[in-house]
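Visitor: Here it is: the structure, laid out below.
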């Protein structure tokens, strides 16, 4: 049976042409067939998706699936995980079923596949019954190559029985870390997917995720595959992203100072709450920054408008909760700023990975403070889960705090968490501006003494009042002004003591007692220190000012210094192409990046194709997109002169 890209009988999206059939000129194959054409995957990559070569790791995963093997692929955000199953879906005979946790994400992926001429569909609760029935009929009739569903819909007995009557060739579990109770984002409905290998024996299953430590990976392989699967773990290092962590003092001022150094650049600011998201966007907008909020409490129309503005307009800053980011493919995000502590190293890594996908220098800057730690602990305790899971989540948070307080290279600490070992990176705040570790043992014992004598029931503010000798009503009411510790730290300011307490919490000498409403309690390690055993070393609480001296040069960050930067009329053309992309996306009611990702637009600017044949050689231009979009994009390129102010021209081939 030829590989078809058409969705015959499907209702086309409004103002969108129906996908046209494609052929790879080779028979499709069942999983594991020895005579499966070895070059069929590369042909699909080139003809359907418009790429000449695979990215690292993709081809090995594809070969495993085409060979009929189960596969777990752990690949960083932006590394092209989706092609690892989309290519086999086109090459193999039958239906590929994709499990995705987010309706918006699956709908966006379906839209992007349809624009590439691939017969894709989804069944979900956001569509009315008649639309879902029509989608199922297309799949049952063999006119659909990829069918997306949520796990709870797939694992109903009725759906499983219906699928058993179809030639299913591949199951795909996206965001596979949701299966594991060891993972940071466990979803109970995902666990039922572990039945698939028994219900559909002989059909390969692909599990994909961007972040999973070794324990989580092993748990996924054991539960989903019965211990038998090929594992593919790509390197986690994104060396072009400068890593920095700063203790939270005045977060509004710190954010403003950071963004002032990135005027006119696209960035993402992550906040913990919807309210803070709105307030932060308004604050930045008042300062002249094109900042837009994004969170799950907004209307779908407003979210789409803000997302499209971010994707197409230069210098837009999105201020978001974690609701933003999945599936977004914007190459020129120059920074990700965390105004609050993320939930885990996994979440942090996934979020920072949205910066610098073009390979150019980018920054990941995080603020954190004691209140962040208290809130994160509270979220864990409030979660409806077993005690063992809560303990694991506390340990995950401890690992993130260890990263925040890293006395040596941050990238070493971050990558070691995922089992990858590197040398000193030279592109984090600790490497670029190392802080000397200071012996704070005596001050730490003063804090421990104040906490012990006051019954380990009070928060940091009260302990600081004891140490500084501040006579508040609370101090007088409890008689804490009679402690020997009262006033012993008067020479230090409040911010200094807050910093010391934060670092003692982060390094395990103290902990925040959630049941005690945030009271500071002493750990076993802290008790040892109070008895005179061990030492407490801390990093001086200094503000690192971003200057030209500590901004890493592109060549040192592993960037190709020969790649020309966009400037002059190049940026004018890029803006024009983004505006055209947005117009087409709105007409077809799809996300802007589904038309072409930023990488393709940048290639168009650099190479300025003049003919359809030259346009076809641009990365990301497949057969259907060539036919659909070459004419308007070539016209836009022709309307903008190629020479910039320096007289340079960027004609060429991809």
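The values are calculated or read from the model by the stated rules, or taken from the named source; none is laboratory data. Being a predicted model, the structure only gives us computed values, none of them experimental. With ideal geometry, Cβ positions are generated from the backbone for all residues, glycine too; neighbour counts draw on all protein chains shown.
Visitor: Here is a list: 257, 209. Which entry is modelled with pLDDT under 90 and either surrounded by 22 or more Cβ atoms within 10 Å (Cβ to Cβ) or in the same structural domain as residue 426 (by TED's automatic domain parsing) (or both)?
Guide: 209
Visitor: Quick check on residue 331: is it surrounded by fewer than 21 Cβ atoms within 10 Å (Cβ to Cβ), in a helix (DSSP H, G or I) and either touching a helix residue (DSSP H, G or I) at 6+ places or on another chain (Cβ under 9 Å) or not assigned by TED's automatic domain parsing to the domain that holds residue 348 (or both)?
Guide: So residue 331 does not fit the description; no.
Visitor: Restricting the search to region 408-422, which residues are at pLDDT below 85 and more than 20 Å from the chain's Cα centre (by Cα)?
Guide: Result: 408, 421.
Visitor: Does residue 165 meet the test of being outside the structural domain of residue 380 (by TED's automatic domain parsing), buried (at least 16 other Cβ atoms within 10 Å of the Cβ) and either over 27 Å from residue 392 (Cα atoms) or at pLDDT below 90 (or both)?
Guide: Judged against the criteria, residue 165 is not a match.
Visitor: Of all residues in region 212-241, count the ones that are within 27 Å of residue 362 (Cβ to Cβ) and touching a helix residue (DSSP H, G or I) at 6+ places or on another chain (Cβ under 8 Å).
Guide: Result for region 212-241: 11.
Visitor: Restricting attention to region 91-109, which residues are modelled with pLDDT of 90 or more, more than 20 Å from the chain's Cα centre (by Cα) and closer than 22 Å to residue 160 by Cα?
Guide: Within region 91-109, 92, 94, 95, 96, 97 qualify.
Visitor: Show the residue pairs that are 6+ apart or on different chains and have beta-carbon atoms under 6 Å apart, the first residue being within region 346-374 and at positive phi, the second being at pLDDT 85 or above.
Guide: Between residues of region 346-374 that are at positive phi and residues that are at pLDDT 85 or above, the close pairs are 356/240; 356/241; 356/362; 359/240.
Visitor: Is there a residue in region 347-355 that is surrounded by 21 or more Cβ atoms within 10 Å (Cβ to Cβ) and closer than 26 Å to residue 580 by Cβ?
Guide: yes
Visitor: Tell me which residues, restricted to region 132-158, are touching a helix residue (DSSP H, G or I) at 6+ places or on another chain (Cβ under 8 Å) and either on the phi > 0 side of the Ramachandran plot or not assigned by TED's automatic domain parsing to the domain that holds residue 88 (or both).
Guide: Hits for region 132-158: nothing passes.
Visitor: Looking only at residues that are in a loop (DSSP other than H, G, I, E, B) and surrounded by 18 or more Cβ atoms within 10 Å (Cβ to Cβ) in region 126-151, which one is farthest from the chain's Cα centre (by Cα)?
Guide: Among those that are in a loop (DSSP other than H, G, I, E, B) and surrounded by 18 or more Cβ atoms within 10 Å (Cβ to Cβ), it is 144.
Visitor: Take the residues in region 507-535 that are over 22 Å from residue 455 (Cβ atoms) and in contact with a strand residue (DSSP E or B) (Cβ under 9 Å, 6 or more places away or on another chain), then tell me which one is surrounded by the fewest Cβ atoms within 10 Å (Cβ to Cβ).
Guide: 535
Visitor: Now for a separate question. What are the residues in region 589-609 that are in a loop (DSSP other than H, G, I, E, B) and either within 16 Å of residue 313 (Cα to Cα) or over 22 Å from the mean Cα position of the chain (by Cα) (or both), if any?
Guide: 589, 591, 596, 597, 608, 609
Visitor: Any idea which of 65, 72 is within 19 Å of the chain's Cα centre (by Cα) and either within 21 Å of residue 330 (Cα to Cα) or buried (at least 24 other Cβ atoms within 10 Å of the Cβ) (or both)?
Guide: Going through 65, 72 in turn, just one is within 19 Å of the chain's Cα centre (by Cα) and either within 21 Å of residue 330 (Cα to Cα) or buried (at least 24 other Cβ atoms within 10 Å of the Cβ) (or both): 72.
Visitor: Further question: As an exercise: evaluate residue 560 against (1) closer than 19 Å to residue 358 by Cβ; (2) at pLDDT 50 or above; (3) in a loop (DSSP other than H, G, I, E, B) and give the number of the one condition it does not meet.
Guide: Failing condition for residue 560: (2).
Visitor: Which members of region 290-306 meet the condition of being closer than 24 Å to residue 259 by Cα, touching a helix residue (DSSP H, G or I) at 6+ places or on another chain (Cβ under 6 Å) and assigned to a loop (DSSP other than H, G, I, E, B)?
Guide: 295 - this is the single residue of region 290-306 that is closer than 24 Å to residue 259 by Cα, touching a helix residue (DSSP H, G or I) at 6+ places or on another chain (Cβ under 6 Å) and assigned to a loop (DSSP other than H, G, I, E, B).
Visitor: Given the residues 189, 265, which is the only one that is assigned to a loop (DSSP other than H, G, I, E, B), at negative phi and in contact (Cβ under 8 Å) with a residue 24 or more places away in the chain?
Guide: 265
Visitor: Quick check on residue 33: is it within 24 Å of residue 628 (Cβ to Cβ) and at pLDDT below 90?
Guide: Spelling it out, it is not the case that residue 33 is within 24 Å of residue 628 (Cβ to Cβ) and at pLDDT below 90.
Visitor: Applying the selection to region 58-80, what residues are closer than 22 Å to residue 201 by Cβ and outside any helix (DSSP H, G or I)?
Guide: Residues satisfying the conditions are 67, 68, 69, 70, 71, 72, 73.
Visitor: Limited to region 454-471, what total is found for residues that are surrounded by 21 or more Cβ atoms within 10 Å (Cβ to Cβ) and either more than 17 Å from residue 500 (Cα to Cα) or touching a strand residue (DSSP E or B) at 6+ places or on another chain (Cβ under 8 Å) (or both)?
Guide: Residues that pass the stated criteria total 3.
Visitor: Then there is this: Do you know which residues across region 99-111 are touching a helix residue (DSSP H, G or I) at 6+ places or on another chain (Cβ under 6 Å) and crowded, with 23+ Cβ neighbours inside 10 Å?
Guide: The answer is 99, 100.
Visitor: Still on this structure, please answer the following. Which of the residues that make up region 408-437 are surrounded by fewer than 15 Cβ atoms within 10 Å (Cβ to Cβ) and in contact with a strand residue (DSSP E or B) (Cβ under 6 Å, 6 or more places away or on another chain)?
Guide: The answer is 435, 437.
Visitor: Of the residues in region 46-56, how many are touching a helix residue (DSSP H, G or I) at 6+ places or on another chain (Cβ under 8 Å) and either assigned to a helix (DSSP H, G or I) or farther than 21 Å from residue 623 by Cα (or both)?
Guide: Residues flagged as touching a helix residue (DSSP H, G or I) at 6+ places or on another chain (Cβ under 8 Å) and either assigned to a helix (DSSP H, G or I) or farther than 21 Å from residue 623 by Cα (or both) within region 46-56 amount to 1.
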